[in-house]
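Structure first, commentary second.
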Amino acid sequence: MKKSSKTSLKSWSQLKDEVYGAPGTKFRDELDRDFESFKIGLFLKKTREEMNITQEELAARVNKKRTYISKIENNGSNITLKTLYEIVEIGLGGKVDISIDWGK
């Protein structure tokens, strides 16, 4: 007779909690922060590509090197707010809207 095995599926949130710790722990907060930075880079790249602008062209618009634009698009970390504003507003013609959540 075969034993029935029960496989319990876990949500992405449950897996993150198990592997990286619960929200509010140092390691998990660092992971979430890094992920947000990564998403900014992806968003900038997607927007630039939709506008048919090369990295070289964007870099020239904001007086940066193409390699720096590439780093931001591929990682997103270590970008200053000043540079973010320049890329979005001067380079891509958008507006930056930042919000801060004080309650957790």
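Helix 26-50 versus the longest principal axis of the chain: what is the Cα-based angle in degrees, 0 to 90, to the nearest 10?
Its long axis makes an angle of about 50 degrees.
Under the definition of Cα pairs under 8 Å and six or more residues apart, what whole-number percent is the relative contact order of segment 16-91?
On the way: 60 pairs, mean separation 22.6, N = 76.
The value is 30 percent.
To the nearest Å, what is the center-to-center distance of segment 50-97 and segment 4-38, using C-alpha atoms only?
So the two Cα centres are separated by 30 Å.
What percentage of all Cα-Cα pairs in segment 16-91 are separated by more than 18 Å?
Working: 1217 of 2850 pairs.
Result for the distance tail: 43 percent.
Taking the dipole about the Cα centre of segment 16-91, with the C-beta of Lys and Arg at +1 and of Asp and Glu at -1, give me whichever of 60, 41, 27 is farthest to the positive side.
60
Report the label-to-label distance for residue 17 and residue 67 in nanometres (one decimal), using points 7 Å from each Cα along the Cα→Cβ vector.
In this crude label model, residue 17 to residue 67 measures out at 4.5 nm.
Taking the number of other C-beta atoms within 10 Å as the exposure measure, put 28, 33 in order starting with the fewest.
Working: 28 16, 33 11.
The most exposed by this proxy come first: 33, 28.
Rank the residues 87, 40, 53 as a footprinting-exposure proxy: fewest other Cβ atoms within 10 Å of their Cβ go first. Numbers along the way, then the final one.
Values: 87 26, 40 19, 53 16.
Ranking 87, 40, 53 by Cβ neighbours within 10 Å, fewest first, gives 53, 40, 87.
For 11, 37, what ranking results if the residue with the fewest other Cβ atoms within 10 Å of its Cβ goes first? Mind showing how you got there, number by number?
On the way: 11 8, 37 16.
The order, fewest Cβ neighbours first, is 11, 37.
Read the figures in this text as sums done on the coordinates, not as results from a lab. Computed from a predicted model, the values in this text were never measured in an experiment. Heads up, the Cβs are rebuilt from the backbone with ideal geometry, glycines too, and the neighbour counts pull from every protein chain shown.
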